[in-house]
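What follows is a set of notes on a single structure, which appears directly below.
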Amino acid sequence: MKKVLINILFLGVFCVVSPLYAADWQQDINELRKDVRELHQKLYSIDEKPVSTENSGNAQMRDKIDEYGATLHRINERMDELEKKIKQYNDNLDKFNQKTDVRLKVLENRKMSTEETSIMTSSPVISNSAPINGGIVNGNKPEDMYASAMQAYNNALYDEAELGFEDVIKQFPSHALAGNSQYWLGEVYTKQGNLNKAKQAFKSGYEKYKNGNKGAESLYRLGVTLANQKNTKGACVVFMSFAGEFPKATADLNKKVKTEAQKLGCK
């Protein structure tokens, strides 16, 4: 937990400083390009002056001019490459900032421990953020917390999503979104490759929130997780009992359950 928060603080500093460097680099390239253009014009101005072919010094000067012209051409090509890299850098930075915004939003919408609150309020970057009242930020609305956790999940920020969904369940266990959060917690663990925790999350989603929006889907995903763990017998028990547990499940979900049962040869 502490590691996640420290990473957030570092990201905040990076986002403030990095755009300044990018702007400086672009300004330096623009100034260099201007100087090269002026030098190029001077060289061609000299080259256009009539010179005697009988004068070896003039011939050597023309060779030097051609050589400098070729060098300037290579410099221009190099600057084009640098500008492309700066553009790519700025694009990556935009994506980075978007993910950082999601991370900060998750933290702002969750109840923090005393240690976490101390870390956040002592930061020179985040110390001017919304005031913390009793460890609760922004009123702790379950809808806001859930939305932030889903945004983190959709951006593949699974550690932050895990924090968000866990907090909805802990702070609002009777809210309708608690069941949804329990289901998505299972999906987070699946993405993280932790099938044991995913199994427990889906099992809890089915047992505790059977009548919620994600009750039927939690049981289905429990069966899939068991199958992925090579527990064919357990998966078949889940799939074969699904219709009786959820007679009003959607046609699409029933089709998925039957398909999985057939793949495993359940009888």
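Each reported figure results from applying straightforward, stated rules to the coordinates on display, with no laboratory input. This one's a predicted model, so the numbers in the text were calculated from it and none came from an experiment. Neighbour counts are summed over all protein chains in view; Cβ atoms, including those assigned to glycine, are modelled from backbone coordinates with ideal geometry.
Among the residues of region 214-237, count how many are closer than 18 Å to GLN182 by Cβ and out of contact with any Phe, Trp or Tyr (no Cβ under 8 Å at 6 or more places or on another chain). I'd like the intermediate steps shown before the answer.
Step one: of region 214-237, the residues closer than 18 Å to GLN182 by Cβ are 214-226.
Now narrow it down to the ones that are out of contact with any Phe, Trp or Tyr (no Cβ under 8 Å at 6 or more places or on another chain): 224, 226.
Count: 2.
hydroxyl-bearing (Ser, Thr, Tyr), farther than 18 Å from ASP144 by Cα, part of a helix (DSSP H, G or I) and under 22 Å from the mean Cα position of the chain (by Cα), is that true of THR190? Explain how you work it out, then say what you get.
Working: hydroxyl-bearing (Ser, Thr, Tyr): yes; farther than 18 Å from ASP144 by Cα: yes; part of a helix (DSSP H, G or I): yes; under 22 Å from the mean Cα position of the chain (by Cα): yes.
When the stated conditions are applied, THR190 passes them.
Taking region 206-215 on its own, how many of its residues are of a type in the set (Gly, Ala, Ser) and surrounded by 22 or more Cβ atoms within 10 Å (Cβ to Cβ)? Can you show your working first?
To start, the set of residues in region 206-215 that are of a type in the set (Gly, Ala, Ser) comprises 212, 215.
Remaining after also requiring surrounded by 22 or more Cβ atoms within 10 Å (Cβ to Cβ): none.
Number of matching residues: 0.
Answer with yes or no whether LEU253 is in a helix (DSSP H, G or I), without any contact (Cβ under 8 Å) to a residue 40 or more places away in the chain, crowded, with 21+ Cβ neighbours inside 10 Å and among the aliphatic types (A, V, I, L, M).
On the way: in a helix (DSSP H, G or I): yes; without any contact (Cβ under 8 Å) to a residue 40 or more places away in the chain: yes; crowded, with 21+ Cβ neighbours inside 10 Å: no; among the aliphatic types (A, V, I, L, M): yes.
Judged against the criteria, LEU253 is not a match.
Find all pairs meeting these conditions: Cβ atoms under 6 angstrom apart; at least six residues apart or on different chains; first residue within region 143-155 and farther than 15 Å from LEU185 by Cβ; second residue β-branched (Val, Ile, Thr).
GLN151/VAL102; ASN155/VAL102
Return a yes/no flag: does region 229-237 have any residue that is under 18 Å from GLU187 (Cα atoms) and not in a helix (DSSP H, G or I). Give the steps one after another, and end with the answer.
Quick first cut of region 229-237, residues under 18 Å from GLU187 (Cα atoms) only: 229, 235.
Restricting the remaining residues to those that are not in a helix (DSSP H, G or I) gives 229.
Within region 229-237, one or more residues are under 18 Å from GLU187 (Cα atoms) and not in a helix (DSSP H, G or I).
Can you confirm whether ALA235 is among the hydrophobic types (A, V, I, L, M, F, W, C) and crowded, with 22+ Cβ neighbours inside 10 Å?
Values: among the hydrophobic types (A, V, I, L, M, F, W, C): yes; crowded, with 22+ Cβ neighbours inside 10 Å: yes.
Yes.
Condition test on SER181, is it surrounded by 23 or more Cβ atoms within 10 Å (Cβ to Cβ) and more than 22 Å from LYS230 (Cβ to Cβ)?
Working: surrounded by 23 or more Cβ atoms within 10 Å (Cβ to Cβ): yes; more than 22 Å from LYS230 (Cβ to Cβ): yes.
When the stated conditions are applied, SER181 passes them.
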